[in-house]
Amino acid sequence: MEPLAKNYVGREYSMKKIGLIVNPIAGMGGSVGLKGTDGEIYKKALRLGAKAVTPKRTKELLSYIKSRKEISLVVAPGKMGETYVRKFDIAFKLIGQTPKETSAEDTKRIIGKMLNGGIELLVFVGGDGTARDVYDAVDSKIPVVAVPSGVKIFSSVFAVSARAAAEMVDAFIEGTDLTEEEVLDIDENAFRNNRLASKLYGYLIVPNVKKLLQAGKEASSIDKSSVDSKNEIARYIVKHMDKETLYLLGPGTTLKAIANDMGLPKTLLGVDAIYDNRLVGIDLNEKGILKLLKKYKSKKIMVTPIGGNGFIFGRGSKQFTPEVIRIIGRENIILVGTYGKISKLECLRVDTGNFEIDKLLSGYIRVVVGEKEEMVMEVRC
Amino acid sequence: MLNEIKLNMNEMPYPPPKEIIEAAQKGLSNLNRYTNPKELELLREFLADYSDVSKRHIILSTGSDFLLREIIHVFSKGRRVIMVNPSFFPTVQCAKEFATKLIKIQLRPSEFNLDADIITNETNEPSLVIVDNPNNPTGKILIDREMAEAILENKDVLLVVDEAYYEFSGATFADMVEKHPNLSVVRTLDKAFGLAGARIGYLIAGENFLDAFSTFFTFLPQSSLYAAIEAMRDPSYIKKNIELTIKERERVSKELEKIGFQVYPSTTNFLLIKTNIPDIARELKDREILVFDISNQWLPGYIRVSIGTPKENNIFLSNIKEIHKVHAWRGHKP
Ligand SMILES: Cc1ncc(COP(=O)(O)O)c(C=O)c1O
């Protein structure tokens, strides 16, 4: 039995069990001009006098949650959770152990215990790296709420602020639908050298909170949930697909929605191929793709940009290599993405590692964002 | 509610002269009657004179947003609608609902340039191009005469230029309407004239638009009509309000830049501001200052702030300074 915390009040049965995990070192690089706290950088940050940011974010989060009385938190001891929770009138229970120097393994281990303990939602405070650890541990078992506390955060899974995260928790308590958001694999070393190399790492499930309406006649809201938008795009694309064309579908939930609309399965992170309403390739690598390209005359690629940074073809893609793109040709690239994602991008980006291909791809291009709606975006390299 | 500082709808913070308010009050004494068509004609004459076009091109409406909607309803059939993103939101929303195909060109910082080529490339099919010029929310003039001429050369294209902020920018295509049947200009008295509550908009319509509007007739509300006539009788009052607004705009902009915010050049009565402080619009709202958060439709981290009276602007500035201070120790740059 885990020991009961001092303000445990025994009303847990009527309350939602929510896990809270804090990465105490996330975001420390920022105050001393470093990017991220991967590996050795953390020690360097400490030497430079970096201060912890997560405690403040966590306190903000807790102070904004309105449904505190309906929540029973499960937290790790000390600086991974307990320390902040104690200051609030909120029921909690301790789980696991927090070592002096925390690591990714601790995050994963403790989340594992929380899941076994039956939490229904996991709230975590951290950065892109923390999100990857959470993804490794949670996958799509339960929804999460991600509180941003890093220097520069790219994964769309994060709420815009601690306050917005608190609203997501409240929405979850009240009952709301769910949606999938991206977790990115940012190469922090490359980022520190002013190059942004990122790829899709996976998806986490989050409460789908519609943006609050603003007062006035220019009231704006994302009027459709991202799930509905993806389905709308999928219906439109499928209606216009040609039976005699090979379609290579890239990673992501939008592409998955397209395959699903045809009644076909789709790997979330891989490239799958469709011809004449049939799957003709699953989780293909470059070799597999090139083989198919030889076999079919008419061929198209469908991809969705990565949220937040707009990469459509990035370095390190084992699938859509410069050779594949050259054979397909720019005019046979179909771009799709929800308006919510695309409108937030300054431009689309390519960094295939091949200058000529990057040049070929740059310029203006259309992205299908809805049944009747397209956006013209600039592709930059 | 009444203590709120409204910097979210690009209104003129100064009320119009008392003659105009008295005229509006006079309108109230006739509430059981429809407006007199002769008086509507008088307003059209004034507006034609003011815009330097012949009266037949002037179409009146309650608010220019309504005209933009009407244009989309009537002219998007069989045409794709082309707009920029971001743009005046109600127009976008209407196009989204009614257009058979909507194409939005994403504007990108820090220049927000609209390439002439993009529009000409996209108009290879019959198109209705709607551009707010200057653009809301960037405050930038997006198309110049040369570009407009290039777009209008294609007879399959209808170009509608929304000049809601014309009096601030000084740039207009109104004089091109008589020569170009496929051009229309939308204007309003709600902004620079300080008559937002009266809701008077007008269209300076090119020949190709006129037919569709021949049956479009609005009895404007009596008070609004009287206020508008009085305003147009002597529009000189707007001059000092505009000058003060522009002076304030430049002052607010400089002050914000001093704190470290990125502020973009504006030709309107509002400023586009970039910030890394999350949820800043809500923090301002907590302090009863309303600004417009654009992040729902565009890139994250941008707000649009209307220029108020010097006093309102000072309150805005001191609050944003405080918010910035709080965030500075949290590690956020402005
Ligand atoms: C670009 C633009 N067009 C049109 C309007 C609508 O003005 P009106 O009050 O005439 O409907 C606005 C108001 O904010 C605007 O910003």
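Could you list all residues from the range A:345-369 that are facing chain B (nearest Cβ under 10 Å) and surrounded by 19 or more Cβ atoms within 10 Å (Cβ to Cβ)?
Within the range A:345-369, A:Leu345, A:Leu348, A:Val367, A:Val369 meet the criteria.
Could you list, in sequence order, all residues of the range A:126-166 that are within 14 Å of chain B (Cβ to nearest Cβ), under 21 Å from A:Thr338 (Cα atoms) and not small (Gly, Ala, Ser)?
Result: A:Ile153, A:Phe154, A:Phe158, A:Val160.
Within the range A:273-284, which residues are in contact (Cβ under 8 Å) with a residue 24 or more places away in the chain and of a type in the set (D, E, K, R)?
A:Asp276
More than 16 Å from the ligand (Cβ to nearest atom), modelled with pLDDT of 95 or more and away from chain A (no Cβ under 14 Å), is that true of B:Leu60? First the steps, then the outcome.
Numbers: more than 16 Å from the ligand (Cβ to nearest atom): no; modelled with pLDDT of 95 or more: yes; away from chain A (no Cβ under 14 Å): yes.
Judged against the criteria, B:Leu60 is not a match.
Among the candidates A:Lys266, A:Lys294, A:Lys287, which residue alone is outside the structural domain of A:Val160 (by TED's automatic domain parsing), more than 22 Å from A:Phe355 (Cβ to Cβ), without any contact (Cβ under 8 Å) to a residue 24 or more places away in the chain and under 25 Å from the mean Cα position of the chain (by Cα)? Outline the logic, then answer.
Details: A:Lys294 fails: under 25 Å from the mean Cα position of the chain (by Cα); A:Lys287 fails: under 25 Å from the mean Cα position of the chain (by Cα).
Criteria check complete, one pass: A:Lys266.
Among the candidates B:Glu255, B:Glu248, which residue alone is more than 24 Å from B:Asp175 (Cα to Cα), among the acidic types (Asp, Glu), surrounded by 19 or more Cβ atoms within 10 Å (Cβ to Cβ) and away from chain A (no Cβ under 14 Å)? Spell out the reasoning first.
Details: B:Glu255 fails: surrounded by 19 or more Cβ atoms within 10 Å (Cβ to Cβ).
The conditions single out B:Glu248.
Filter the range A:370-380 for residues that are over 14 Å from A:Ile312 (Cβ atoms) and more than 7 Å from chain B (Cβ to nearest Cβ) and give the result. Write out each step before concluding.
Here is the first cut: in the range A:370-380, the ones over 14 Å from A:Ile312 (Cβ atoms) are A:370-374, A:376.
Correct list: A:Gly370, A:Glu371.
Which residue out of A:Lys295, A:Lys256 is closer than 20 Å to A:Ile237 by Cα and of a type outside the set (Val, Ile, Thr)?
Details: A:Lys295 fails: closer than 20 Å to A:Ile237 by Cα.
Matching residue, one of A:Lys295, A:Lys256: A:Lys256.
Can you tell me which residue within the range A:326-342, out of those that are within 14 Å of chain B (Cβ to nearest Cβ) and in contact with a strand residue (DSSP E or B) (Cβ under 6 Å, 6 or more places away or on another chain), is farthest from B:Gly301 (Cα to Cα)? Walk me through how you get there before you give the answer.
Keep residues of the range A:326-342 that are within 14 Å of chain B (Cβ to nearest Cβ), which gives A:331, A:335, A:337-342.
Narrowing the set further to residues that are in contact with a strand residue (DSSP E or B) (Cβ under 6 Å, 6 or more places away or on another chain) leaves A:335, A:337, A:342.
Values: A:Leu335: 25, A:Gly337: 21, A:Ile342: 15 Å.
Filtering the range A:326-342 for residues that are within 14 Å of chain B (Cβ to nearest Cβ) and in contact with a strand residue (DSSP E or B) (Cβ under 6 Å, 6 or more places away or on another chain), the one farthest from B:Gly301 (Cα to Cα) comes out as A:Leu335.
Going by the conditions given, is B:Ile294 within 9 Å of chain A (Cβ to nearest Cβ) and β-branched (Val, Ile, Thr)? Steps first, please.
Numbers: within 9 Å of chain A (Cβ to nearest Cβ): yes; β-branched (Val, Ile, Thr): yes.
Yes, satisfied.
The values are calculated or read from the model by the stated rules, or taken from the named source; none is laboratory data. Computed from a predicted model, the values in this text were never measured in an experiment. Cβ coordinates were reconstructed from backbone atoms using ideal geometry, including for glycine residues, and neighbour counts include every protein chain displayed.
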